[in-house]
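Peer 1: One structure coming up, written as structure tokens, with questions to follow.
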Amino acid sequence: MPLLSCKAFRQISGNFFSAKYDNGQAEPSRPIPLTPIAQARNCASSGCPFCTILMANADPSFLPEEVLYTDAMTLKRAMIDPEQSFQLFIGMDDFSRTFFYRVPPEWRLPSLAELDKPWDELTLMRTWLSNCVTKHSKCRQTASRGFPKRLLDVRAFASSNDIRLVESQSVLATTKYVTLSHCWGPVAKHLICTSKATLSDRMQRIQFEDLSMTFKDAVKICRDLDQKYLWIDSLCIIQDDGEDWSEQAAAMASIYGGSYVTLAALSSADSTQGCRIRPREPAKPKLSRYQDFNFGSRRVRILEHSPTYWHSEYGDNPYKHDGYGSSPLRTRAWTLQERELSLRCINFAQGQLLWQCRTMKGSSELPWQEMIRKHDDSYPLPLKLNQREDFTSHGPAFQRDHWYGLVEDYSSRYLTNETDKLPALAGLASKFSEEQNPGNYLAGIWSDHLPSALLWRTVPLYSRNRDQPISPLAAFLPRRPQAYRAPSWSWTSIDGEISYESQRIGGCDDTSCIFDSEYGNFKITGSYYQLVATFDTLGTPSDAALRMRGNITELEINMQPIEGDFTKSLRRLIWADGTTVGAFYPDIVDDFRFVRSVYVLSIRSEPFYSSIQMPSCLYGGKVSFSEPASWNDYDLRMGLALLRARSGEVYRRVGLVRWLIKEVFDGTQPVQLRIV
Ligand SMILES: [Zn+2]
Ligand SMILES: [Zn+2]
């Protein structure tokens, strides 16, 4: 049924969807009369796409029958979010909410998933790629492009789907190739790889039928995108050749960084599950249906339901709500850099395709835009190191926050081998260093981010749903690796999720009112970095010390759990008379079953707004922040908990301390100490 004969549709001018429509109106919008519900239903059943979407959300069951047939529905911009949704009314009753997005004029692709039509993944992928290649100046290949040692030729045989492995010397260095990012899964699911024994066979021919589902999909997509070469780690690296493996692992940054596009099998737990959109739970509602309509010169996409945000579809929701960490690929440590290093990445999520390049993010539902709002009120701003820093999006505070975000993401992922902690981050660290110039790399932190970078804490896992086969909760409790890996002041000395929340400020939307202090008596006076220059720092010396100068004192730990602390990890620090003087987050809770006191080192003052994060039961509401008399004059301090490592002023870090009343340092003098 052509839209022109739809009475409801004809009532709406393109103006209704313009951003200016509501300007100057107290009400969210002027109502537009449409047709009675019964008529819209008829129209929908004779195939009208507009009425089909309108009626999909409508719940008129509570309206009296007479008005359904006689009174016209009216259309209004919704009160909540008038920029993106509208509602249907009869009289004063609203009975639907429908979402719309304006299609940017430069997005020329015809509507893809028109209501019940099947996905057109390929058209979408091609459009994203050609837009990125031709229009995004930030997404151009950098000069220092690497090249893998071997590639799979997916068009090796004219009349067969079979592929073969080729040495890259036989390929022009300017040849494009596609990379695959995937979960290997348990050993039983490693269907095919290359070993010393099979190398020469693989170079002759690999039967298409021998490939796992994910590899087959990747080969097909590669061909569909007119590409000839594909790189898959398990086939292109000789798995039982240690030398080949470490050489190629070290080249990972340039292999992914040099690839034309990375295909990421986001929702597949192992190589048998494929990288096409195949919902694993058919009962789960699919993503919303949508259709593009032209209203005058304007094109508008109308969706039945609110679209899924990029980050929640990815399983990477920055607010850590539902869906966080639920995509198998999202849970693996090695794959973070595969995503971050790639120039472009197409993720095969459970519900839809997700695009990411250095310019934009997009989804099948909303392919043209990144949907995350940048720094809205609810997302905490990074703390400043001093008064001169500002909140511009490329300033040092944001650079630090970007790295802290990567650390939080990375540390929440699984590693099969404990010893891979630094190697699986090495590519990302070298890229960050190249692009941001953050100083020396000290086992996972940057010298320019000191001393802020020391103020991490572990996140005790209590209920998050992790994709881990054996005892998901126990597997993710913070713990130390069996063999020494890094000095205690680095988060890489711990396995488990890390948080830098102490270095962000929440709950304040007026950045001009945020005060922060300098570091008082605290100073970093030296570090071991002269000794190491590599990013994997496998050879971090076991006495790698940070030398510093600061005020230190010993406090008792109260072993009673703090009421309302559902993580059961927070402890009170007390004076001999039992007065609470601060809070202690042990890095490993079990380390403190029998230890009754710690040294505390003051590093910085608590920012004024951190009282919002302070557990209210800590001081029983008795301590409050007073307005600062001057810069660097707050009541509460933040720092490290230490235990003596050996004689002399040599300590190791055992936790983070917060909201310490500054009187605990009364009478102390700054001392020189070393933390190992
Ligand atoms: Zn209609
Ligand atoms: Zn791009």
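The values are calculated or read from the model by the stated rules, or taken from the named source; none is laboratory data. Please read all numbers here as calculations on a predicted model, not as lab measurements. Using ideal geometry, Cβ is built from the backbone for each residue, glycine included, and neighbour counts are taken over all protein chains shown.
Peer 1: Regarding the stretch 495-505, can at least one residue be identified that is crowded, with 19+ Cβ neighbours inside 10 Å, of a type outside the set (D, E, K, R), farther than 16 Å from Thr419 by Cα and at pLDDT below 80?
Peer 2: Scanning the stretch 495-505, I find at least one residue that is crowded, with 19+ Cβ neighbours inside 10 Å, of a type outside the set (D, E, K, R), farther than 16 Å from Thr419 by Cα and at pLDDT below 80, so the answer is yes.
Peer 1: Between a residue in the stretch 443-462 that is under 18 Å from Pro478 (Cβ atoms) and any residue that is of a type in the set (D, E, K, R), which pairs come within a Cβ distance under 6 Å, given they are 6 or more apart or on different chains?
Peer 2: Note: pairs meeting the criteria are Thr458/Asp587; Val459/Glu497.
Peer 1: Okay, moving on. Taking Lys216, is it of a type in the set (Lys, Arg) and loosely packed, with under 15 Cβ neighbours inside 10 Å?
Peer 2: no
Peer 1: Which one of these does Ala426 not meet: (1) closer than 27 Å to Gly639 by Cα; (2) buried (at least 19 other Cβ atoms within 10 Å of the Cβ)?
Peer 2: If we test Ala426 against (1) closer than 27 Å to Gly639 by Cα; (2) buried (at least 19 other Cβ atoms within 10 Å of the Cβ), just (1) comes out false.
Peer 1: If Leu461 meets every condition in (1) surrounded by fewer than 21 Cβ atoms within 10 Å (Cβ to Cβ); (2) hydrophobic (A, V, I, L, M, F, W, C); (3) modelled with pLDDT of 85 or more apart from one, which number is that one?
Peer 2: Only one criterion in (1) surrounded by fewer than 21 Cβ atoms within 10 Å (Cβ to Cβ); (2) hydrophobic (A, V, I, L, M, F, W, C); (3) modelled with pLDDT of 85 or more is unmet by Leu461, namely (3).
Peer 1: Of (1) under 22 Å from Trp489 (Cα atoms); (2) surrounded by fewer than 22 Cβ atoms within 10 Å (Cβ to Cβ), Ile603 satisfies all except one. Which?
Peer 2: Here Ile603 clears every test but (2).
Peer 1: Hey, another quick one. Being in a loop (DSSP other than H, G, I, E, B), hydroxyl-bearing (Ser, Thr, Tyr) and either free of Cβ contacts under 8 Å to residues at least 24 places away in the same chain or closer than 20 Å to Arg205 by Cβ (or both) is the filter here, so list the residues in the stretch 163-178 that pass it.
Peer 2: Residues satisfying the conditions are Thr174, Tyr177.
Peer 1: If Ser364 satisfies every condition in (1) modelled with pLDDT of 85 or more; (2) within 16 Å of ligand 2 (Cβ to nearest atom) but one, which is the exception?
Peer 2: So the condition that Ser364 fails would be (2).
Peer 1: Based on what the data block shows, is Lys176 modelled with pLDDT of 90 or more, within 16 Å of ligand 2 (Cβ to nearest atom) and either among the charged types (D, E, K, R) or more than 30 Å from the chain's Cα centre (by Cα) (or both)?
Peer 2: Yes: the conditions hold for Lys176.
Peer 1: Scan the stretch 29-45 residue by residue and report those that are in a loop (DSSP other than H, G, I, E, B), free of Cβ contacts under 8 Å to residues at least 40 places away in the same chain and under 44 Å from the mean Cα position of the chain (by Cα).
Peer 2: The answer is none; no residue qualifies.
Peer 1: Does the stretch 46-96 hold any residues that are more than 23 Å from Lys20 (Cβ to Cβ), part of a strand (DSSP E or B) and within 16 Å of ligand 1 (Cβ to nearest atom), and which are they?
Peer 2: Ser96
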